[in-house]
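The values are calculated or read from the model by the stated rules, or taken from the named source; none is laboratory data. For clarity, every value in this text was computed on a predicted model and none was experimentally measured. Positions of Cβ are generated from backbone atoms using ideal geometry, with glycine treated the same way; all protein chains shown enter the neighbour counts. Accessible surface is based on the protein model in full, side chains and every heavy atom, while ligands, DNA and RNA are left aside. Shrake-Rupley method; radii C 1.70, N 1.55, O 1.52, S 1.80 Å.
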Amino acid sequence: MSQKYNPITWRTKMKKTSQICQSKLPDNTALKQQQLPAYRLQLSATGVLSGFFATGAFCLGVGIILILSAKSIKEIEIKYTKICANCAELREDAINFDKECTCSIPFYLSETMQGNVYLYYKLYGFYQNLYRYILSRSNSQLVGTDLKVRLYLIWYNTPFFKDQSHNGTPIAPCGAIANSIFNDTIILSYNLNSSIHMEVPMLRSGITWWTDKYVKFRNPSAINLSSAFTGTAKPPYWSKPVYELDLEDTENNGFLNDDFIVWMRTAAFPTFKKLYRRLNRVQYFIEGLPAGNYSFNITYNFPVTRFKGEKSVVLSTLTWSGGSSLFLGLAYTVTGSSLPGRNYRLSNNC
Amino acid sequence: MIHAADIGIGISGQEGLQAVMSSDFAISRFRHLKKLLLVHGHWCYSRLARMVVYYFYKNVCYVNLLFWYQFFCGFSGSTMIDYWQMIFFNLFFTSLPPLIFGVLDKDISAETLLALPELYKSGQNSECYNSMTFWICIVDAFYQSLVCFFIPYLTYKDSDIDVFTFGTPINTISLATILLHQAMEMKTWTIIHGLVLAGSFLMYFVVSLVYNAICINCNSPTNPYWVMEGQLSDPTFYLICFVTPVTALLPRYFFLSLQGTYGKSLILKAQKIDKLPMDKRDLEIQSWRNRQRPAPIPEEAQHTHHPVPPVPEQDFRANSPKSSSPSKYK
């Protein structure tokens, strides 16, 4: 074997090696060579300036519209825990659960509330968003598939799932959320003059989400509701069982009760309001609530003083932009006026 | 030596493939080393550093939303965002854009990097990822999460909104803010960047709508049935989703603009050069290189007045021995 350096053999070897090397090269595509057509953002001063001015003007306009619409809402709120102090004190002791306590709160409406009027109850300091509280429900029971709660995966809610005083029968509806339902009754009456007091007609229906009432909450099917709920017990804090919540209207009885559904939608903050009734615009109240003397007659049941909470009742009109909160309008106005203020410092955006 | 170094580069050649096999990068010619260091080295550092800083920002910003909510739920640990949507947020909706950014972004073009080797010092001095940039990014994340939480909170404060309906605009807003932040970081936009950003945002809505239309009784305690659909038909949702990202990103935009105008770092100057048209760019690079050199000797002056030819690597290959040799004689 010759160890001599053979130039011809070396040249062919290099050609072969270079051919092999060729095949190891990455593809000469735009992606792999990082040569994709690229666009470098060229923010010209005029472009950015006009953009900022346009956005600022838009924000300012929307802000003013929002503030005006929020100001046009009429709202009246009456806190009644202190006014009904005797009832509140009565309710501090659970022994008095069967003693009824009513409270009357007169007030004067200075302007007519035009259009649809909504009656809310508002709670302060009630944490419906506590983690264990939110978990304490059985959605399969409420949707009608698992009435006796045979498969419950939540293990620490036993107090409200099985009624220990009645041989452990399952509770319907189970859970702490259902158990703590708001049970004050609020009646609004209008004093036309010193002798005529009329109860303002209110609608109990139409206060929930459509999907809640017709999809997520279903009564167990049976001929009559009380037989559908045999084998279950009522929650400990309730005075009547779930199939007696509204004996006049089968669409509002059982799990389909509007007040129940509204309460089961756990509020996001410790201060919240929930829709209670809507004005029924008939007879005298076709235009809304006329100005004049009114009074709330409240059957006080829900105890709040033990956790230093408060209750109030709210009457309000609504617009397309929601409630009477001025915040969003102010936020838009402030943003709209500060945007053009920053534009003169603009140059190349790095 | 290749093993001992942080990055070992082997050059394949006639002496065998031993160096190549034990190296991190392998090249076939010595002249490739210049582009490997100045261009790819710089890009690698810049992309990785900014991507890592961005990931820190993204996670601090998102998780802090849950933290601010604890002040209003008695510190009991309830989350106002459905946990599947939380998981998908980090898994699908905000994972691709920073990855694409980390793979494809070019903060300075290859030609400028090759022509101005001083820019390589930014990597050596850790200019993209040091204490200062990290803490600024974390403070920015805190501020943005404050804005993303409190603007919706103050809007919905005394209303009758429920927990998971409150979480939906917050989730959407933080997604928009985080993606727009990424968009502000990207220096060069290819079609992939655009598709991935727009696609992530759209995918969020599609997934959310489908999930909220199917899940009647699947995910206790959320059961987000019809929550997103309800929000999309509420004008307040759109109003908050517009004003909040704008407010959240305004300080950052302001800071970047100030930096762009008054910043003195080499990288910023190079980026300004990149924005000029081709002929002005060459002149700028020339004047920069003239400033770097001391008073030139007449023969060398001829070399430096040779205009820097644009792009393809082959031209630089032809040019580099000539242009680098004067520096040897400095």
ask   = Once you average over the residues of B:147-159, how many Cβ atoms of partner chains fall within 10 Å of each Cβ?
value = 5
key: Residues of the stretch A:260-276 buried by at least 20 Å² on assembly (accessible area, 1.4 Å probe, chain alone as reference)   = A:265, A:266, A:268, A:269, A:271, A:273
task = Please give the helix A:327-342 orientation as an angle from the longest Cα principal axis of chain A, in degrees from 0 to 90, rounded to the nearest 10.
result = 30 degrees
inquiry  = In square angstrom and rounded to 100, what buried accessible area do you get between chains B and A, total over both, with the probe at 1.4 Å?
reply    = 5600 Å²
remark   = Restricting to aspartates and glutamates and to Cα separations under 16 Å from residue A:74, and discarding same-chain partners fewer than 8 apart, the set is A:111, A:287, B:158
query = For the protein assembly as shown, what proportion of DSSP beta bridges, expressed in % and rounded to the nearest 5, is antiparallel?
reply = 90 percent
task = Mind listing, in residue-number order, the residues in the stretch B:180-217 that have at least 50 Å² less accessible area with every protein chain present than in their own chain alone (1.4 Å probe)?
result = B:187, B:189, B:216, B:217
query = When the accessible area of chain A is split by element with a 1.4 Å probe, what percent falls to carbon and sulfur?
reply = 57 percent
request  = Please give the average number of partner chain Cβ atoms lying within 10 Å of the Cβ of each residue in B:74-81, rounded to a whole number.
outcome  = 4
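How large is the translational diffusion coefficient of the protein assembly as shown in µm² per second when you combine the Kirkwood radius over alpha carbon pairs with Stokes-Einstein at 4 °C and 1.567 mPa s?
42 µm²/s
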21 Å Cα-Cα threshold exceeded, pairs from A:122/A:148; A:162/A:240; A:122/A:162; A:122/A:308; B:58/B:187; A:99/A:148 = A:122/A:148; A:122/A:162; A:99/A:148
query = Tell me, what are the semi-axes, in whole angstrom and largest first, of the equivalent ellipsoid of the stretch B:198-271 as set by the roots of 5 times the Cα gyration tensor eigenvalues?
reply = 41, 15, 10
remark   = If one compares the long axis through the Cα atoms of helix B:266-275 with the longest principal axis of the Cα atoms of chain B, the angle in degrees, nearest 10, works out at 90 degrees
request  = Can you work out the accessible area per residue across the protein assembly as shown, with the rest of the protein chains kept in place, probe 1.4 Å, in square angstrom?
outcome  = 51 Å²
ask   = How many percent of the accessible area of chain B is carbon or sulfur, using a 1.4 Å probe?
value = 68 percent
inquiry  = Buried by at least 10 Å² relative to the chain on its own: which residues of the stretch A:296-345 qualify, computing accessible area with a 1.4 Å probe on protein heavy atoms?
reply    = A:320, A:321, A:325, A:327, A:328, A:331, A:332, A:335, A:339, A:342, A:345
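Quick check of the Kirkwood formula: for chain A, what is the inverse mean of 1/r over all pairs of different Cα atoms, in Å?
Evaluated over chain A, this radius sits at 26.0 Å.
Which trypsin sites (Lys or Arg not before Pro) from the stretch B:232-284 combine a DSSP loop assignment with at most 15 other Cβ atoms within 10 Å?
Sites meeting the loop and neighbour criteria: B:264.
What Kirkwood Rh does chain B have if only Cα atoms enter the pairwise 1/r average? Answer in Å. List each step's numbers first, then the result.
Working: mean 1/r = 0.0429 Å⁻¹.
Over chain B, the inverse of the mean reciprocal pair distance is 23.3 Å.
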remark   = Within the stretch A:95-115, the residues whose backbone N lies under 16 Å from a label point placed 7 Å from the Cα of residue A:280 along the Cα-to-Cβ direction are none
query = Taking one equal scatterer on every alpha-carbon of the stretch B:1-145, how large is log10 of I(q)/I(0) by Debye at q = 0.09, 0.14, 0.20, 0.21 1/Å?
reply = -0.46, -0.84, -1.22, -1.27
query = By how many degrees, between 0 and 90 and to the nearest 10, does the Cα long axis of helix B:235-262 differ from the longest principal axis of chain B?
reply = 20 degrees
